[in-house]
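Engineer: This structure is in structure tokens; I'll ask about it shortly.
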Amino acid sequence: MNSGDKGVSKTPEISVVIPMHNVEKYIARCIESVLAQTFQDFELIIVDDGSTDGCLKICKEYAHKDERLKVTAIEDNGVADARNLGTTTAVGKYIAYIDSDDFVSSNYLETLHDMITLYNADIAVTNFERLKGDETLTAIKPDLKNEVKIFDRHEALYQLLGTSNYLQMVTVWGKLIRADIAKNHLLPSGRLHEDEATSYLYYLDADRIAFISTKQYGYYQHKHSIMHSERNHKRIEDEFFALTTRAINLEEANYPKEANMAWLFVYGWLCEQVMLDPKSRMEWKDTYDKLQNAKCLGNDIKAKAFIYMHFPYTFRMIQKIRGKA
């Protein structure tokens, strides 16, 4: 299905939301990749989060040329607040999030929209290409894989928590989401690791999730990106908040199997913190004790947690094998 006419109707089918902060080197590439879409019935909302470089000026120049592009600016409140503003102002039937230093293939929106239409899905998920170093890259390597899988919410949560597809499933980018679902689950204000605190809620609210293995999203990693910033106290605190909140909410929503996996994830994360900083073991002791005594954690989960704590590389290999099975 190809909506090829340029220009956006009063109620575009898709709202593309891009939060932006000091990405002068990358934002033009990101915008160009969106404007070049084979599916043209979209609005493009860019929310500048207190940038001090020239990226806001670049966006305004694009907006002057294309009425589908809307640019707004807020104080430096963080990526979650920027995304939330774009979400609440979006008028499309579906929402697609793209990070401002990333880019997408020309048929990205068309592929995701076709998935939703063909399979009556509430959310469509695509794969990504991990890119490093060369900031001039504008294309994703051709991918011959084109496997489609349809998940219900339980299966989607398993893909998130129990397989090697974690990054594809946990990020808010790389997806086309029914707008009311996205609007019902705004990201936690002022927090990092906001994807981990939110994406599972999308799946809880969806009946069908379509996943396609082809790589349509260019995930660009560089030394200035948030995920490559120094692991300071705030990052650790926000990640711990996201992971524990996810486990608690799944438990309270009466998803015991998924809650078990989520608590195991917390346990493994805590073990990793201890490995990174052995001196922090006593700092996390109370949390370990609570997890070990948690009723929601079955003996099989505790055994897996034990393997993760003492043999982390073996555990990761098991997870990788399970993901390919």
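None of the figures in this text is laboratory data; all of them are computed from the coordinates on show. Since the structure is predicted, the reported quantities are computational estimates derived from the model, not experimental observations. Heads up, the Cβs are rebuilt from the backbone with ideal geometry, glycines too, and the neighbour counts pull from every protein chain shown.
Engineer: Return PHE39, PHE211 ranked ascending by Cβ neighbour count within 10 Å, so the fewest neighbours appear first. If you can, show how the numbers build up before the last one.
Structural biologist: Working: PHE39 20, PHE211 24.
Exposure proxy ranking, most exposed first: PHE39, PHE211.
Engineer: Here is a further query. Holding the Cα-Cα limit at 24 Å, pick out from LYS132/LYS175; LYS145/LYS175; LYS70/LYS175; LYS70/LYS145 the pairs that are longer than that.
Structural biologist: On the way: LYS132/LYS175 21 Å; LYS145/LYS175 18 Å; LYS70/LYS175 21 Å; LYS70/LYS145 35 Å.
Over 24 Å apart, Cα to Cα: LYS70/LYS145.
Engineer: Shifting gears a bit: With 10 angstrom as the radius, rank ASP48, ASP76 by how many other C-beta atoms surround their C-beta, starting from the fewest. Provide the component values of the computation, followed by the final result.
Structural biologist: Details: ASP48 23, ASP76 13.
So the ranking, lowest neighbour count to highest, is ASP76, ASP48.
Engineer: Can you compute the modelled spin-label distance between LYS234 and ASN254, with each label point 7 Å from Cα toward Cβ, in nm?
Structural biologist: In this crude spin-label approximation the distance works out to 4.0 nm.
Engineer: Using amide H atoms built in the peptide plane, which far-off residues or other-chain residues are under 5 Å from ASN127 H to H?
Structural biologist: ILE212, THR214, GLN216
Engineer: What ranking of ARG246, ARG130, ARG235 emerges when the number of other C-beta atoms within 10 Å of each C-beta is taken as an exposure proxy, fewest first?
Structural biologist: Numbers: ARG246 26, ARG130 11, ARG235 15.
If I rank by nearby Cβ atoms, fewest first, I get ARG130, ARG235, ARG246.
Engineer: Report the calculated FRET efficiency for ALA73 and ARG130 (r = Cβ-Cβ distance, R0 = 35 Å), to the nearest 0.05. Kindly include the intermediate steps, with their values, before the conclusion.
Structural biologist: Values: r = 30 Å, r/R0 = 0.86.
Taking R0 as 35 Å, the efficiency between ALA73 and ARG130 is 0.70.
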